[in-house]
Structures are given as structure tokens and as C-alpha cells.
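These notes are about the structure you will find just below.
The values are calculated or read from the model by the stated rules, or taken from the named source; none is laboratory data. Because the structure is a prediction, the values reported are computed rather than measured. Cβ placement follows ideal geometry from the backbone for every residue including glycine, while neighbour counts extend to all protein chains displayed. Accessible surface is based on the protein model in full, side chains and every heavy atom, while ligands, DNA and RNA are left aside. Shrake-Rupley method; radii C 1.70, N 1.55, O 1.52, S 1.80 Å.
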Amino acid sequence: MTTTYDVIVIGGGPGGYNCAIRAAQLGLKTACVDKRGTFGGTCLNVGCIPSKALLHASEVFEETAHFSDIGIKTGSVKLDLEAMMAHKDKSVEGLTKGVEYLFKKNKIDGIVGAAKLVSSNQVEVVKADGSTDTLGANAIVIATGSEPASVPGIEIDEQLIVSSTGALDLQKVPKRMIVIGGGYIGLEMGSVWRRLGSEVTVVEFLDRITPGMDGEVSKQFHRILEKQGMKFRLSTKVTGAKLLKNSVKLTVEPSGGGDEEVLEAEIVLMSIGRKPYTDALGLDAAGVTLDDRGRIDVDDHYRTNVEGIYAIGDVIAGPMLAHKAEDEAMAVAEIIAGQAGHVNYAVIPGVVYTYPEVASVGKTEEELKAAGVDYKVGKFPFS
């Protein structure tokens, strides 16, 4: 017998669980399917939340070295990495249990299993024990998020070559770490391990870090991170990796071509961005189309080309940010309920949680120049 819902949300991350909660609040019978086992998606389980816990803890650890500068005597301060990781895990557990509570409060069926589309109004869920359920729905929302991208030919093993997930769970501080990619995630995780004692080098293909940010901000940001001890190899591409027993040898060369060079580190963090997770969802069977970058095609109301199927978050175009997915979650739930959901993409901020934190919102100066728009510049030095 098929259980039928008004809305089935595939994916339990910030987009998925917020969509399910909003839909239930609007009176729709709702289910949320996620295969991880704990709801909250990448963000709560292996992304935003654990990384911020480590960023805060490592910042406090580094700050203790300067307590004596302001007259506070603490004696020798030592790192207990195991306890720091336990603090991180406790932070994650509290928030994922919070999502479970909200599901119960709003009478949402939280279903653990791998979901795929059977048709425009049916979802098949394969559970951990191998059993299969078929669910029916008037509307299906795909919110399966994204996964780490990798340099072609270099495999992430989460041991020596790690993604952000592996970088959140290292058992010891590496003597040397190489971060491939100078974006938000790489700089955040690199700064964590630098504070804890690792020698960190960032290898970036482009000629600047945080390429989506204002050029002047990126330049100042780069200088600050260098003063903190982080090293940078800009305009450099990685061409290969050789795994040794306890380290990795990376082959690099100038982005524009030139002589090869070998860099070695105990840990390599692959952080060149993320790609939409659309595999094994049965999109072909349902007839859902993708764009040339593997993202699900949607219109301004998050509708795919198949009636009754919607998509939000990292699987569609736009910045891969948790709060962007949350806004879309609210909007699509309201649209399905017959209301007028809307997202103002012009005011979605981006933040790098290094020290200092770097934030941006709206157009950069470069974008305004390219568009031929008149603008004024205001600056205030916080120093």
C-alpha cells in the first residue's frame, strides 16, 4: 500500500528540513527523506556547524598565547585535540536532535533511506535493511545538496587526501597541510589547522583568493592571512598526486604553463568547490532535465520541466550557501501551498569565518564597473 503525502522533500539539509517544516506549518501532509541517518544535511553534520565549532575553539586556543600581553598569567597551555573534537561532535548532536524535535512538533514523517523518483508523483525509498517503500505525493521537492568536487585524476580517500569532511575529523595535527583551492571552505579549514600548529600552504589556480569577492577586500584579506603564517601559491595548478606511506607528493605548475614542481605534506585538503548531488535520484526516469553544469533546471518558482517536481538549494543555480537554500525552502513551500513565495537574491550575504571574518553582500566594485553602473566608494579602516 502506497502512503500518499501533499509534499515529499528529498534531502534533509537546511533546504530540505526547512521546506518540510514550512510546508507542515501551512497545513500540508509532509515527509522528508534523507539517507544520512541524522537530519541536518552537510551543513549540520559535516559542514557549517562542526567547522564553526573548530574555528571558535582554535581561535580561543591561539588567543591564549597572547593572554600575558594584557596581564593574564595562564602558564603553559596545551592542545587536547580529542576533547576539542568531542566539543565539535556535541555541537553537531545538539542541532541534529533539534531538527528531529521540530519534525515531531510539526508532525512531519522523517524517513531515513535513499530516495529516487519513480514518476512525477512517486518516490521509492530504499532503507538500510534493504526494504523498499513507495510513497506518493502531489508535490516533490528535490533538496539533495552538493558534494565536494575534485581535481581530475586525484582521488579523495579521506585519509591523506581529504575533503572538508575529512578535515573536520583529523586525529592529529599534521606538520604540513596543503589546501587546494583558495575559497571560503579551504581558507576556513586551513586557518583552523594553522592555529593548532600546522604549516599551511594554499594552492590556488587563479591569481587571487576568494575570487567572487571584491578585489580590494581579497587583496587585504590575503595580506592578513600571510601575516598570520599561511602561505600561498597563486596562479598555480595541481597536475598530479602521489600517495606515500604517511604523506602526499603533489605535482604543481604555473596555471599558464611552465616548469613542474613537487610539494609534500602529511595532509592535502581538496577544496576546489562543490558539485550538485543528483546521482541515483531517478531524474532520467522522471524526465527531469539538467543544465550544462549538472544542476537541475528550474523556473522562477522552482518548478522543473516536470509538473509537480520542484528543486531548491545546491542542486539548482546560484551560490551554494545554507541560508540561500533556507530562503528557497520557505519560498517553494509557500508556492506549493498556493501563496506567493519569493527570494531576493540581491541581498544574500557571503561570509568567510576566518579571523578576521570577511563578509560581503550585493555587487562587487568589479561587477558594477563591468555593468557600467555609476557608484560611490566608501571606506572606513577598522584599525
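Pairs meeting the criteria (first residue in segment 24-53 and of a type in the set (Asp, Glu), second residue assigned to a loop (DSSP other than H, G, I, E, B), beta carbons under 7 Å, at least 6 apart or on different chains) are 34/11; 34/12. Look at (1) within 17 Å of residue 266 (Cβ to Cβ); (2) without any contact (Cβ under 8 Å) to a residue 24 or more places away in the chain; (3) open to solvent by less than 40 Å² (accessible area, probe 1.4 Å) and you find that residue 200 fails only one, number (2). Every condition in (1) under 28 Å from residue 19 (Cα atoms); (2) open to solvent by 60 Å² or more (accessible area, probe 1.4 Å); (3) in contact with a Gly (Cβ under 8 Å, 6 or more places away or on another chain) is met by residue 144 except one, and the failing one is (2).
Checked against the criterion of being under 30 Å from residue 305 (Cβ atoms) and out of contact with any Leu (no Cβ under 9 Å at 6 or more places or on another chain), the candidates 153, 75, 110 yield just one match: 110. Picking from residues in segment 362-383 that are assigned to a helix (DSSP H, G or I) and in contact (Cβ under 8 Å) with a residue 12 or more places away in the chain, the one that is least open to solvent (accessible area, probe 1.4 Å) is 365.
Filtered by the rule that a residue be open to solvent by less than 10 Å² (accessible area, probe 1.4 Å) and of a type in the set (Val, Ile, Thr), segment 297-333 gives 309, 312, 315, 316, 332. For segment 240-278, the tally of residues that are more than 30 Å from residue 296 (Cα to Cα) and either assigned to a loop (DSSP other than H, G, I, E, B) or open to solvent by 30 Å² or more (accessible area, probe 1.4 Å) (or both) stands at 21. Restricting attention to segment 203-235, the residues that are within 28 Å of residue 368 (Cα to Cα), open to solvent by less than 40 Å² (accessible area, probe 1.4 Å) and not small (Gly, Ala, Ser) add up to 8.
For the structure I just gave you, tell me whether residue 359 is open to solvent by 20 Å² or more (accessible area, probe 1.4 Å) and in contact with a Lys or Arg (Cβ under 7 Å, 6 or more places away or on another chain).
Considered against the rule, which asks whether it is open to solvent by 20 Å² or more (accessible area, probe 1.4 Å) and in contact with a Lys or Arg (Cβ under 7 Å, 6 or more places away or on another chain), residue 359 comes out as no.
Conditions (1) over 29 Å from the mean Cα position of the chain (by Cα); (2) aromatic (Phe, Trp, Tyr); (3) more than 27 Å from residue 189 (Cα to Cα), marked per residue:
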site	(1), (2), (3)
334	no, no, yes
340	no, no, yes
357	no, no, no
361	no, no, no
365	no, no, yes
372	yes, no, yes
376	yes, no, yes
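Considering only residues of segment 280-291 that are surrounded by fewer than 19 Cβ atoms within 10 Å (Cβ to Cβ) and touching an Asp or Glu at 6+ places or on another chain (Cβ under 9 Å), which is farthest from residue 170 (Cα to Cα)? Top of the filtered list is 289. Filter segment 91-101 down to the residues that are open to solvent by 60 Å² or more (accessible area, probe 1.4 Å) and under 23 Å from the mean Cα position of the chain (by Cα) and list them by number. Answer for segment 91-101, where residues must be open to solvent by 60 Å² or more (accessible area, probe 1.4 Å) and under 23 Å from the mean Cα position of the chain (by Cα): 93, 95, 97, 100. Of the residues 294, 338, the single one that is in a loop (DSSP other than H, G, I, E, B), touching a Lys or Arg at 6+ places or on another chain (Cβ under 8 Å) and either crowded, with 17+ Cβ neighbours inside 10 Å or of a type in the set (Gly, Ala, Ser) (or both) is 294. Taking every residue in segment 54-70 that is free of Cβ contacts under 8 Å to residues at least 60 places away in the same chain and pairing it with any residue that is charged (D, E, K, R), at least 6 positions away or on another chain, the pairs with Cβ-Cβ distances below 8 Å are 57/88; 67/73. For segment 195-233, a residue qualifies if it is of a type outside the set (Val, Ile, Thr), within 23 Å of the chain's Cα centre (by Cα) and assigned to a strand (DSSP E or B), and exactly one does: 232.
Condition check for residue 128 on (1) aliphatic (A, V, I, L, M); (2) modelled with pLDDT of 95 or more; (3) more than 30 Å from residue 263 (Cα to Cα): one failure, at (2). Would you check which residues across segment 4-35 are of a type outside the set (Lys, Arg) and open to solvent by 60 Å² or more (accessible area, probe 1.4 Å) and list them? Selection gives 4, 25, 27.
Among the residues of segment 279-291, those identified as charged (D, E, K, R) and part of a loop (DSSP other than H, G, I, E, B) are 279, 291.
Selection over segment 116-154 of residues that are over 21 Å from the mean Cα position of the chain (by Cα) and in a strand (DSSP E or B) gives a count of 18.
The set of residues from segment 41-84 being small (Gly, Ala, Ser) and in a loop (DSSP other than H, G, I, E, B) comprises 47, 65, 71, 75, 76.
Has segment 181-191 got at least one residue that is of a type in the set (Asp, Glu) and closer than 25 Å to residue 259 by Cα? Looking for residues that are of a type in the set (Asp, Glu) and closer than 25 Å to residue 259 by Cα, one finds none in segment 181-191, hence no.
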